[in-house]
Amino acid sequence: MDNLLGLLRVRVQKGINLAVRDTASSDPYVVLTMGQQKLKTRAVKNNCNPEWNDELTLSISDLNVPITLTVYDRDTLTIDDKMGDAEIDIKPYAESLKMGLENLPNGCAVKKVQPSRTNCLSDESCCVWNNGKIVQDMCLRLRNVECGEVVLQIEWIDLPGRKAFSNES
């Protein structure tokens, strides 16, 4: 607990054009994995464009530990089918938190992250000042599957008495 930097709230918003794994559709859900932590959203029945709007919270003690997002199709009688995966890169987001910004107008873009071979972004992603916090919206292209994207938002939560990204650290 001493090495805990803070919490990362991941709002898993929706899936876009996810792969069909049942007869005509899928029953998708998302699993976030980071080190020993494993969190999952609810499954949405018969929908390749599901809206989850689920909030999952990870404990962050090392910014270098990758966060893996995997989409599965829930099956009743057999093992759940994998529908692709992506990695959430929080390093650009952490860099924007380290800037120690305050009192910016809502909606002010602090940092822009472009899609590249080293990230799973399908589109430009911005770290934005919103109601006194920096949030990052991202659309991740799923790997190891024929199609599909997942839209999510990340937000840092400081722990009481700890400022992981203050100017002094």
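Observations on the model:
- For the range 149-164, the Karplus equation 6.51 cos²θ - 1.76 cosθ + 1.60, evaluated at θ = phi - 60°, returns couplings of 9, 10, 9, 8, 9, 10, 8, 7, 10, 6, 7, x, x, 10, 10, 5 Hz by residue, with Gly and Pro reported as x.
- Shown here for the range 20-95: trypsin sites (Lys or Arg not before Pro) in loop regions (DSSP other than H, G, I, E, B) with at most 15 other Cβ atoms within 10 Å, namely Arg42, Lys45.
- Computed over the chain: relative contact order in percent, which uses C-alpha pairs under 8 Å that are six or more apart: 26 percent
- In sequence order, calculated HN-Hα J values of the range 22-36 (Karplus, 6.51, -1.76, 1.60; Hz; x Gly/Pro): 9, 4, 10, 8, 8, 10, x, 8, 10, 10, 9, 10, 8, x, 8
- Straight-line cross-link partners of Lys40 among the lysines, defined as a Cα under 26 Å from its Cα and at least 8 positions apart when in the same chain: Lys14, Lys82, Lys91, Lys133.
- Taking amide H as placed 1.01 Å from N in the peptide plane, Val110 has its amide H under 5 Å from the amide H of Cys127, Val128, Trp129, each at least 5 places away in sequence or on another chain.
- Ellipticity estimate at 222 nm from DSSP helix runs (n ≥ 4, -39,500 (n - 2.57)) divided over the chain, nearest 500: -1500 deg cm²/dmol
- The phi torsions of the range 88-94, fed into the Karplus equation with coefficients 6.51, -1.76 and 1.60 and a -60° offset, translate into couplings of 9, 8, 9, 4, x, 5, 4 Hz, rounded to whole numbers, with Gly and Pro shown as x.
- Put simply, the amide H of Trp52, placed in the peptide plane, has neighbours under 5 Å in Lys14, Gly15, leaving out anything fewer than 5 places away on its chain.
- Coil-residue trypsin sites (Lys or Arg not before Pro) of the range 86-169, DSSP, other Cβ within 10 Å capped at 16: Arg117, Arg162, Lys163
- Proximal aspartates and glutamates relative to Lys111, as straight alpha-carbon distance under 16 Å, when same-chain residues fewer than 8 apart are discounted: Asp89, Glu95, Glu102, Asp123, Glu124, Asp137, Glu155
- Normalised per residue, the accessible area of the range 60-169 is 55 Å², obtained with a 1.4 Å probe and no contribution from ligands, DNA or RNA.
The values are calculated or read from the model by the stated rules, or taken from the named source; none is laboratory data. From a predicted model like this one, the values you see are computed outputs, not experimental measurements. Because the Cβ atoms are built from the backbone with ideal geometry, glycine has one as well, and the counts that use them run over all protein chains shown. Only protein heavy atoms, including side chains, enter the accessible area calculation; ligands, DNA and RNA are left aside. Shrake-Rupley method; radii C 1.70, N 1.55, O 1.52, S 1.80 Å.
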